[in-house]
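Note sheet for the following structure.
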Amino acid sequence: MKNLKSRRFLLLFMVCCLLFVVYGCSGYAIQTKANLPFDTIAVGKIENKTLEPKLQDRFIRSLAETFAEYGFSVSRSAKYKLEGKITKFELLPLNEQNLVATQYQVIVKASFNLVDTSTGRSVPLVADNPFITYFSTSARLEDVLAQKDISTNGALKNIAQEVARAISYNTPKNFAYLMLAATDIKDIDSLKSKMRDPKDPVSLYIRERLSPDTRQLLSGAGVSKEASDKAKNALVGGLNEILQGVGIYDENRFAHIMLSRDVKELIKKNPSGIERLRLNRLLLEAAYPGEILKHQDASEEAKK
């Protein structure tokens, strides 16, 4: 009995060590549906630039399975869409016996982008990296073809997992353009004034969530240009922290704010991740139309 308990403890310890190696040392954290950047994605055009037939169809099937494993739902109407192309497929013999190949290498290259359909903005996920698998087989053609299919599916699965990981872990920084920049502030004096002496529920809510240091800087702003700039940067930083936090919408808090139909529809979805950040930004823009540039206006300014 004692030996059985010892073996169970050893097995549990080994499992914990394995999880640490896989998730701790790899730089990844265990993802759940709750902390995905968004939970619905569309699969757009996947081009097959190779001579291998129906490679794109096999990849799309593997992608759908992998997205489900990571907690994503696939929908044609999703705001974020995956597009890409498979650029290379090679089957290379590596070893041979008696002039007959016995080991092969399958190489697949692909590149993919994630597109924000509301803005047309596209960010790279996988940049034409090679995905390589191997297989050994007998001289029979049937065996070679069967193992080739299995190995190809393995390479496509690896690509699908890389795409899902890139979306899960890199999307927040790729969509950092949703954050406020100092240039997004149209009237900093008016905004600072509303934060110093809040007279509406939204301003009161935001001021309470600014750090004591930022509130102190706002109280002393205007003494000099240096102090004013420091207060502006601190305020923008504080607002960005709020944008990335919990949803700021509350029916009573925003009762006096005119909200667009799109914003109201987004509120109904109770979004998380990137979509919650987007909603928070839209709500700030609606609350301070004279002080904060709308996101699309800010994008146009950045292009000039």
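The values are calculated or read from the model by the stated rules, or taken from the named source; none is laboratory data. Quick caveat: nothing in here was measured; it's all calculated off a predicted structure. Backbone-built Cβ (ideal geometry, glycine too); neighbour counts: all protein chains shown.
Pull out all pairs, ordered by first then second residue, where Cβ-Cβ is under 6 Å, the residues are six or more apart or on different chains, the first lies in region 75-96 and is on the phi < 0 side of the Ramachandran plot, and the second is loosely packed, with under 12 Cβ neighbours inside 10 Å.
Short answer, once both residue conditions are applied: GLU83/LYS45.
Given the criterion farther than 18 Å from ARG281 by Cα, surrounded by fewer than 13 Cβ atoms within 10 Å (Cβ to Cβ) and at pLDDT 90 or above, identify the matching residue among LYS225, LYS199.
LYS199
Taking the residues in region 229-251 that are part of a loop (DSSP other than H, G, I, E, B) and of a type in the set (A, V, I, L, M) as candidates, determine which candidate is surrounded by the fewest Cβ atoms within 10 Å (Cβ to Cβ).
Result: VAL246.
What are the pairs, 6+ residues apart or on separate chains, where a residue within region 117-140 that is assigned to a strand (DSSP E or B) has its Cβ under 6 Å from a residue that is of a type in the set (Phe, Trp, Tyr)?
As it stands, the answer is LEU125/PHE112; VAL126/PHE112; PHE135/TYR104, since those pairs meet every condition given.
If a residue must be part of a loop (DSSP other than H, G, I, E, B) and either β-branched (Val, Ile, Thr) or touching a residue at least 60 places away in the same chain (Cβ under 8 Å) (or both), how many such residues does region 47-61 contain?
Residues flagged as part of a loop (DSSP other than H, G, I, E, B) and either β-branched (Val, Ile, Thr) or touching a residue at least 60 places away in the same chain (Cβ under 8 Å) (or both) within region 47-61 amount to 2.
Just a yes or no: is a residue in region 44-55 surrounded by 18 or more Cβ atoms within 10 Å (Cβ to Cβ), within 27 Å of LEU91 (Cα to Cα), among the aliphatic types (A, V, I, L, M) and at pLDDT 85 or above?
Within region 44-55 (the criterion being surrounded by 18 or more Cβ atoms within 10 Å (Cβ to Cβ), within 27 Å of LEU91 (Cα to Cα), among the aliphatic types (A, V, I, L, M) and at pLDDT 85 or above), the answer is yes, since at least one residue qualifies.
Being part of a helix (DSSP H, G or I) and either surrounded by 14 or more Cβ atoms within 10 Å (Cβ to Cβ) or outside the structural domain of ALA42 (by TED's automatic domain parsing) (or both) is the filter here, so list the residues in region 66-97 that pass it.
THR66, PHE67, TYR70
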